[in-house]
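Chemist: If you scroll down you'll find the structure; I have some questions about it.
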Amino acid sequence: MNPKTLGYTTMIVSTTLMGCVGLFSRNINTSGDVIAFTRMIVGAVCIFAIMIYQGKAQQLKSIKLTPAVITSGVCLGLCLAAYVSATQYTTLANAVFLIYTGPVFSTILAAIFLKEKISALTASMLTAVFIGCLFIIGIISYTPQTGLTLSLSFSKENMVGDILGLISGIGYGLYLFFSRYRTDIGSDSRSLFNFSFGAIAIAICFVINPPSLAAMDGTSWLWLISMGFFIGFGALSLLTIAAKHLKAAELACISYLETVVGAGLGILVFSESLTVLQAIGGVLVIGGGMGEIVINIIKKRALSHKPQSHKPLSLS
């Protein structure tokens with residue numbers, strides 16, 4: 001498979017799985033850091049077991065750990081813990097909007113430090129998905145009385161959650177950015193490091209603020225373990241693969257597909273409503289996230305079918 005195609009495919013599947021976070025978390029009676037920690041631990045155990053089965057575990061000894069490798073894992077673990085916790089202390093709209101400032105941070109950092117150029121096409125796609133995201137989560141709303149309004153409240157009762165949401169956005173952006181370094185490390189080894197250092201970072205937080213498992217029942221444990229496997233091991237491993245083959249801006253565009261998946265599950269599973277403006281936002285997110293992929297495929301096909309010009313043979 002073409003590296004670019006592999007990057008697009010793994011990122012789309014990863015983002016779809018990540019969009020199922022709400023489906024799992026609503027059935028788990030514990031704090032966000034416990035959920036994130038479980039996702040990291042299950043992911044680490046699963047990927048390590050696969051590496052042992054494939055005889056790749058010995059490769060870990062030859063890999064030199066660098067600050068970028070450690071930091072990317074720490075950022076991933078903390079951003080997930082902060083995001084899930086934010087949904088418990090503030091509105092879902094605020095939490096989702098704040099974590100999705102991450103790809104914007106990543107794109108800016110990559111342009112500054114990695115000298116990645118942002119084409120006009122990529123910039124327009126990123127703008128489309130960003131605006132669509134604002135429509136879906138209700139940051140931009142419309143009523144006949146007030147017209148089109150933009151609102152993001154930081155009220156006293158939501159302050160803790162909003163701060164956690166902002167931390168999750170910064171952490172997500174830093175994770176995407178640091179994942180661009182050390183592409184020489186295999187995707188399975190990188191996933192193991194991300195899971196492990198993410199879990200260590202959250203464990204340190206447990207020492208400072210011990211979690212409570214008093215409300216956890218059998219059903220909650222089943223949902224928690226399942227979430228760790230599908231969204232921890234599955235989604236985050238695929239994200240690691242995608243980060244090796246796509247630029248930060250491309251990762252940013254496709255990542256917004258998560259909001260569409262989340263909204264769809266809300267409608268189908270939890271009977272939540274979707275306004276016309278949110279539906280338009282969904283179209284913008286899908287169109288913006290998939291637009292660059294489709295355009296690049298069309299361009300490649302056009303070039304492959306373009307007749308080759310042949311120079312006349314020289315008789316000299």
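The values are calculated or read from the model by the stated rules, or taken from the named source; none is laboratory data. Model, not experiment: these values are computed from the prediction. All Cβ positions, even for glycine, are placed from backbone atoms using ideal geometry, and neighbour counts span all protein chains on display. Heavy atoms of the whole protein, side chains included, go into the accessibility calculation; ligands, DNA and RNA do not. Shrake-Rupley method; radii C 1.70, N 1.55, O 1.52, S 1.80 Å.
Chemist: Give the residues of segment 18-28 that are open to solvent by less than 50 Å² (accessible area, probe 1.4 Å), under 14 Å from Trp221 (Cα atoms) and not hydrophobic (A, V, I, L, M, F, W, C), sorted by residue number.
Modeler: Ser25
Chemist: Can you confirm whether Ser237 is of a type outside the set (Val, Ile, Thr) and within 19 Å of Ile70 (Cα to Cα)?
Modeler: Answer is yes for this residue.
Chemist: If you scan segment 106-124, which residues turn out to be more than 17 Å from the chain's Cα centre (by Cα) and assigned to a helix (DSSP H, G or I)?
Modeler: Correct list: Ala111, Ile112, Phe113, Ala120, Leu121, Thr122, Ala123, Ser124.
Chemist: Output the residue which, of all residues in segment 194-235 that are of a type in the set (Phe, Trp, Tyr) and touching a residue at least 24 places away in the same chain (Cβ under 8 Å), is most open to solvent (accessible area, probe 1.4 Å).
Modeler: Phe230
Chemist: Can you report the number of residues in segment 273-291 which are within 26 Å of Leu6 (Cβ to Cβ), at pLDDT below 80 and open to solvent by 20 Å² or more (accessible area, probe 1.4 Å)?
Modeler: Residues meeting the conditions: 2.
Chemist: Return only the number of the condition from (1) open to solvent by 30 Å² or more (accessible area, probe 1.4 Å); (2) within 28 Å of Ile47 (Cα to Cα); (3) modelled with pLDDT under 80 that Leu174 does not satisfy.
Modeler: (3)
Chemist: Let me ask something else about it. In segment 84-118, what residues are open to solvent by 30 Å² or more (accessible area, probe 1.4 Å), among the hydroxyl-bearing types (Ser, Thr, Tyr) and either free of Cβ contacts under 8 Å to residues at least 60 places away in the same chain or closer than 18 Å to Met18 by Cβ (or both)?
Modeler: Across segment 84-118, the qualifying residue is only Thr87.
Chemist: While we're looking at this one, here's another question. Could you please let me know if Thr15 is surrounded by 17 or more Cβ atoms within 10 Å (Cβ to Cβ), at pLDDT 90 or above and farther than 21 Å from Met216 by Cβ?
Modeler: Taking the combined requirement at face value, the residue does not satisfy it.
Chemist: Pairs please, first residue from segment 259-270 and more than 15 Å from Leu17 (Cβ to Cβ), second anywhere and crowded, with 20+ Cβ neighbours inside 10 Å and not acidic (Asp, Glu), Cβ atoms under 6 Å, 6+ apart in sequence or on different chains.
Modeler: Pairs found: Ala263/Ile136.
Chemist: On to the next question. Given (1) assigned to a helix (DSSP H, G or I); (2) of a type outside the set (S, T, N, Q); (3) under 23 Å from Gly281 (Cα atoms), identify the lone condition not met by Met159.
Modeler: (3)
Chemist: Still on this structure, please answer the following. Kindly establish whether Ile254 is in a helix (DSSP H, G or I), open to solvent by 10 Å² or more (accessible area, probe 1.4 Å) and not hydroxyl-bearing (Ser, Thr, Tyr).
Modeler: So Ile254 does not fit the description; no.
Chemist: Follow-up question, since we're still on this one. Ala214 is checked against (1) within 23 Å of the chain's Cα centre (by Cα); (2) not in a helix (DSSP H, G or I) and fails just one. What number does that condition carry?
Modeler: Result: Ala214 passes all but (1).
Chemist: Something else about it: Condition first: assigned to a helix (DSSP H, G or I) and at pLDDT 85 or above. Can you find one or more residues in segment 132-142 that meet it?
Modeler: no
Chemist: List every residue pair whose Cβ atoms lie under 7 Å apart, where the two residues are 6 or more positions apart in sequence or sit on different chains, the first residue falls within segment 46-67 and is small (Gly, Ala, Ser), and the second residue, located anywhere, is not in a helix (DSSP H, G or I).
Modeler: Cβ pairs passing all conditions: none.
Chemist: For segment 184-206, give me each residue that is aliphatic (A, V, I, L, M) and at pLDDT 90 or above.
Modeler: Leu192, Ala199, Ile200, Ala201, Ile202, Ala203, Ile204
Chemist: Among the residues of segment 29-41, is there at least one that is under 24 Å from Gly287 (Cβ atoms), of a type outside the set (Phe, Trp, Tyr) and surrounded by 21 or more Cβ atoms within 10 Å (Cβ to Cβ)?
Modeler: no
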